[in-house]
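See structure below.
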Amino acid sequence: MSVWKPFKVVMKNLFQKPMTLQFPYEKNEPVDGFRGRLLLDLEKCIGCGSCVRACPNRALTLVELSQETKLENPGKNKKGVYPKFYQSRCGYCALCVESCPVDALHTTQAAMISVMDKSEVIYSPERLSQPEK
């Protein structure tokens, strides 16, 4: 091993752009195929529960909509139940998305989903249908 090798490495890196980002001012964009938070289409959901059965972490349960959000036209959802999402249990495997027969569940590009309050990681069907801001 040469004595000059470390010196060469230091000189090479001295004139290169840093590899780190100044977070939160600079952010990387998520790559294609990134699986972030779930998004539910209430109009498409039929309440079959296949997403709940497919989830290995039990991050989804079926619940009824609240009274103030009852849909005027529930469409094909005769049971009136929709998935409730527990983000803290999710492993982001997207098995629930793959198992949905009517394509009502999707993953989003939402990468920054950390919160300070535990209650914010529980998504009611109404909140699950709203895109992240």
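Here, each number is a calculation from the coordinates, and none is a lab measurement. Computed from a prediction, not measured in an experiment: that's the story for all the values here. FYI the Cβ positions are ideal-geometry reconstructions off the backbone, even for glycines, and counts take in every protein chain you see.
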Query raised in the report: For the chain, what's the relative contact order in percent, using C-alpha pairs closer than 8 Å and at least 6 residues apart?
Result: 33
Report summary line: Taking Cα atoms, the helix 5-14 axis meets the longest principal axis of the chain at an angle in degrees (rounded to 10) of 60
Query raised in the report: Roughly how many debye, to the nearest 20, is the charge dipole of the chain about its Cα centre, given +1 on each Lys and Arg Cβ, -1 on each Asp and Glu Cβ, and no other charges?
Result: 620
**Report entry** Spatially proximal lysines relative to Lys76 (Cα-Cα < 25 Å; intrachain offsets below 8 disregarded)
**Finding:** Lys44, Lys84
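With only alpha-carbon pairs counted, each pair once and no self-pairs, how large is the Kirkwood hydrodynamic radius of the chain in angstroms?
Averaging 1/r across every pair of different Cα atoms and inverting gives 17.6 Å.
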**Report entry** Full-stretch length increase - Val3, Phe23 - with 0.36 nm per residue and alpha-carbon distance subtracted
**Finding:** 3.5 nm
Requested in this report: Measure off 7 Å from each Cα along the Cα-to-Cβ vector at Gln87 and Lys12, then give the distance between these two points in nanometres to one decimal.
Outcome: 4.2
Requested in this report: Could you work out which residue, out of Leu95, Leu21, Leu65, moves most in a Gaussian network model of the chain, that is, has the largest mean-square fluctuation with Cα springs under 10 Å?
Outcome: Leu21
Query - GluC sites (Glu not before Pro) within the range 1-110: DSSP coil, no more than 11 neighbouring Cβ in 10 Å - result: Glu26, Glu72
Requested in this report: Determine the gain in length on full extension of the stretch Arg35-Asp117; use 0.36 nm per residue of separation and subtract their C-alpha separation, reporting nm with one decimal.
Outcome: 27.3 nm
